[in-house]
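Contents: one structure, followed by commentary.
Here, each number is a calculation from the coordinates, and none is a lab measurement. All values reported here derive from a predicted model rather than from experimental measurement. Virtual Cβ from ideal backbone geometry, glycine too; neighbours counted across all protein chains shown.
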Amino acid sequence: MLPVVTAGLTHGIALVSMLFVDPGTPVLMPNPCWGNYAAIFGRVQGADLRAWRLLRAQRGPQGWLDIDALATALGRLSRPSLLVLNFPSNPLGYSPTPAEVDRLIDCISNTPVPLVVVCDDAYQGMSWEPEIYPHSLFHRLAALPADRVLAVKIDGATKELFYFGGRVGFLTCGAAGSAALVLEEKTRAAARASISSASATAQAVLAQALRDPDLPAQQNQVRGRLRDRYRILKRCMQDAGLVARPFNSGMFAVIDVPGDPETLRQALLADGIGVVSLSEIGALRLSYGSLASADIPPLVQSIARHLRGVLVEST
C-alpha cells in the first residue's frame, strides 16, 4: 500500500494499535523497549503485553540478538498476534548484523499464528559500525507469505531527516492488490478519527526538503557528527571503566547500575545531567544525540564518579 502520513511516529504506532489490536491481543515487545509501547498497546488498547529478551547476557556464537527468546515467545502464541521490532533500538542503541537478521527473519517465518510485525524505524540510517545490517527489516518481512505475516513500517522525518518537532511520519503496510487498498483506506479512516490530518505546513516543509538535491549531503553531515559523538563516548566510557550494554547505532547507550537507578538519576540531575532511569532492568539510559563532543568526557567522568559512590555505599 502507499504510505499514509501520520502526525509523527507515535501517532503511527497508535494507528497500528487501532487497526490490529483488540483487548487481549498478544503483543510481543522487546525487553527493554520504548515505554510508550506499553502505554499505547497496553493501557489504551488493553493488549496482552508479552516481553521477549532482546539481547543475550553474553555474546553467543551467533551474536548478541536473542533469537531463542523470540522463538520461545512465538511458540507460546495461540491466536493472531502482533510483534514489535525496533532497530536501532530505543533504549539500547543496538542494531543486528546481517547474520542475526537472517536468523530473525527465519524465526518469524515459522510463526505458529498469523502475525503483524511492526518495524519501528525511527532511527533508521544511524548505523555506526560496518558490520550492521544497513536496511530496514520491513522489505525482508514483506516478502514472507502474506497469509502468515503482515509487515508494517513506521518511519518519519523526525530523526531520519533530523526534522525534530515537525511531527511528520509514515505508516506503510507490506500488502498488495485489493488488500493494500483496504488497508490504506482503513488507515486513513483511523487517522481521520484520531487527529483528522497531520500538519499541512510541516508536510510542505518536508516536501520542499525532499526536492533539495543537497539533502543527502546534509543528512550525511549530521550523521557524521553523531558517529563522532558515538566514538568519543565509547572511548571515554572505556577509559572510565563504564560498562554499557551492547550499542552500535542510534543515539543511546544503557549502563547497568547497582541499587536503584532512579536514585542515581536524581543525583546526576542535581549536577545538571539528565538521563533516563530504567528501573525495570536496573540501568540508566543516556542519549548522545544532542551532546556537543566536548561535553562527552566530563559527562562520562561525572557518571563514573557517581557510580563509584554508589558502589562504595553498597559495600
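Which residue fluctuates the most in the chain, going by a Gaussian network model with Cα springs under 10 Å, if the choices are 118, 27, 44?
44
Give, rounded to the nearest 20 debye, the magnitude of the charge dipole that the chain has about its Cα centre when Lys and Arg contribute +1 at Cβ and Asp and Glu contribute -1 at Cβ.
Around 100 debye, computed over the chain.
Using unit Cβ charges (K, R positive; D, E negative) and no other charged atoms, how large, in debye to the nearest 20, is the dipole of the range 215-314 about its Cα centre?
The dipole magnitude comes to about 540 debye.
Determine which residues of the range 123-160 fall in the zone a paramagnetic label at residue 203 would reach in this model, i.e. backbone nitrogen under 20 Å from the point 7 Å along Cα→Cβ.
Under 20 Å, as judged by backbone N against the label point of residue 203, lie 153-160 of the range 123-160.
Could you tally the net charge around residue 9, taking each other residue with its Cβ under 11 Å from the Cβ of residue 9, Lys/Arg +1 and Asp/Glu -1?
-1
Which FRET efficiency value, to the nearest 0.05, do you get for residue 59 and residue 266 by plugging their Cβ-Cβ distance into 1/(1 + (r/R0)^6) with R0 = 51 Å?
It comes to 0.95.
Testing the spin-label approximation: label points 7 Å from Cα along Cα→Cβ at residue 189 and residue 280. State their distance in nm.
3.2
Considering the options 254, 156, 175, tell which one lies farthest towards the positive end of the dipole of the chain, charges being +1 on Lys and Arg and -1 on Asp and Glu at the Cβ, about the Cα centre.
156
Sequence gap at least 6, Cα distance under 8 Å: using those rules, report the relative contact order of the chain to the nearest whole percent.
It rounds to 19 percent for the chain.
Label points 7 Å out from Cα along the Cβ direction at residue 179 and residue 225: separation in nm?
Inter-label distance under the simple model: 4.3 nm.
Could you work out the local net charge near residue 77, counting Lys and Arg as +1, Asp and Glu as -1, over the other residues with Cβ closer than 14 Å to its Cβ?
Cβ neighbours under 14 Å give a net charge of +3.
Under 11 Å from the Cβ of residue 168, count the other residues' Cβ atoms, weight Lys and Arg +1, Asp and Glu -1, and hand me the total.
-1
Using a Förster distance of 25 Å, how high is the FRET efficiency between residue 273 and residue 31, based on the Cβ-Cβ distance and rounded to 0.05?
Calculated value: 0.45.
Can you give the extra length, in nm with one decimal, that the chain gains between residue 196 and residue 148 once fully stretched, where that is 0.36 nm per residue apart less the Cα-Cα distance?
14.1 nm
With a point put 7 Å past each Cα toward its Cβ, work out how far residue 164 is from residue 49 in nm, to one decimal.
Going from the residue 164 label point to the residue 49 one covers 2.6 nm.
How would the range 235-315 be classified by its alpha-carbon gyration tensor: rounded, prolate or oblate, with rounded meaning a/c under 1.5 and the a/b versus b/c comparison settling the rest?
Note, shape of the range 235-315 comes out rounded.
Compute, for the range 25-120, the length of the dipole vector about the Cα centre, with Cβ point charges of +1 (Lys, Arg) and -1 (Asp, Glu) only. Units Debye, rounded to 20.
It comes to approximately 260 debye.
Mind grabbing the base-10 log of I(q)/I(0) for the chain at q = 0.10 Å⁻¹? Debye formula, identical points on the C-alpha positions, no solvent, two decimal places.
Values returned for q = 0.10 Å⁻¹ are -0.60.
Find the relative contact order for the range 218-315 and round it to a whole percent, using C-alpha pairs within less than 8 Å whose residues are 6+ positions apart.
Value for the range 218-315: 32 percent.
In whole Hz, with x marking every Gly and Pro, tabulate ³J(HN,Hα) for the range 92-102 from phi via Karplus 6.51 cos²θ - 1.76 cosθ + 1.60, θ = phi - 60°.
6, x, 10, 10, x, 7, x, 5, 5, 5, 4
What's the FRET efficiency of residue 256 with residue 76 using the Cβ-Cβ distance as r and R₀ = 41 Å, to the nearest 0.05?
Between residue 256 and residue 76 the formula returns 0.90.
If I build a Gaussian network model for the chain, linking alpha-carbon pairs within less than 10 angstrom, which residue out of 138, 41, 164 has the largest mean-square fluctuation?
Looking only at 138, 41, 164, the biggest GNM fluctuation is shown by 164.
Taking the DSSP beta bridges in the range 45-159 as the whole, what percent of them are antiparallel, to the nearest 5?
The antiparallel proportion sits near 15 percent.
Sort 48-55, 199-206 by the packing proxy (mean of other Cβ within 10 Å over each peptide's residues), most packed first.
The most tightly packed comes first, giving 48-55, 199-206.
Check the straight Cα-Cα distances from residue 159 and name the aspartates and glutamates below 14 Å, setting aside those fewer than 8 residues away within the same chain.
Counting by Cα, and skipping residues close in sequence, residue 159 has these aspartates and glutamates nearby: 120, 121.
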